[in-house]
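Asker: Quick one: the structure is below, questions incoming.
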Amino acid sequence: GLGLMTAIELHPGGLSARDYASRLKDVGLLAKDTHDLILRLAPPLVITRDEVDWAVDRLASVFNGRG
């Protein structure tokens with residue numbers, strides 16, 4: 001199967017992947033926590049540029065403590 005799965009590896013000692021997944025859900029972006037330090041993202045192949053920009057904005061707001 002084709003897909004765009006990617007992951008974000010977090011630094012130890014900070015928030016867990018589960019914490020980030022929960023915060024991202026609160027701003028409308030679904031992600032899967034994997035192990036303690038990996039956050040998995042799996043957008044569809046048909047994602048548009050506008051949707052990518054929207055998702056990146058949500059990611060930035062959560063990782064910068066605004067979300």
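Asker: Highest mean first, what order results for 17-25, 51-59 on Cβ atoms within 10 Å?
Answerer: 17-25, 51-59
Asker: Would you work out what percent of the accessible area of the chain, with all protein chains in place, is carbon or sulfur (probe 1.4 Å)?
Answerer: Whole-percent figure for carbon plus sulfur exposure: 54.
Asker: For the chain, what does the accessible surface come to per residue with a 1.4 Å probe? Please give it in Å².
Answerer: 74
Asker: Further, regarding this structure: Provide the three semi-axes, in whole Å and in decreasing order, of the ellipsoid equivalent to the chain as defined by the square roots of 5 times the Cα gyration tensor eigenvalues.
Answerer: Each semi-axis is the square root of five times an eigenvalue, giving 20, 15, 9 Å.
Asker: Quick one: net charge of LEU59's neighbours, Cβ under 12 Å, K/R +1, D/E -1?
Answerer: Counting the neighbours of LEU59, the net charge comes to +1.
Asker: Please give the calculated 222 nm ellipticity per residue for the chain, where each DSSP H segment of at least 4 residues contributes -39500 (n - 2.57) and the sum is spread over every residue; nearest 500 deg cm²/dmol?
Answerer: -11500 deg cm²/dmol
Asker: Which value in Å is the Kirkwood Rh of segment 25-64 over different Cα pairs?
Answerer: With all distinct Cα pairs of segment 25-64 included, I get 11.1 Å.
Asker: What is the gain in length, in nm to one decimal, between LYS25 and ARG40 on full extension, counting 0.36 nm per residue of separation less the C-alpha to C-alpha distance?
Answerer: Net length gain for the segment: 4.1 nm.
The values are calculated or read from the model by the stated rules, or taken from the named source; none is laboratory data. Remember, it's a predicted structure, so these values are computed and weren't measured experimentally. Glycine also receives a Cβ, built like all others from the backbone with ideal geometry; neighbour counts cover every protein chain displayed. Quick note on the areas: whole protein, heavy atoms, side chains included, nothing else; ligands and nucleic acids left out. Shrake-Rupley method; radii C 1.70, N 1.55, O 1.52, S 1.80 Å.
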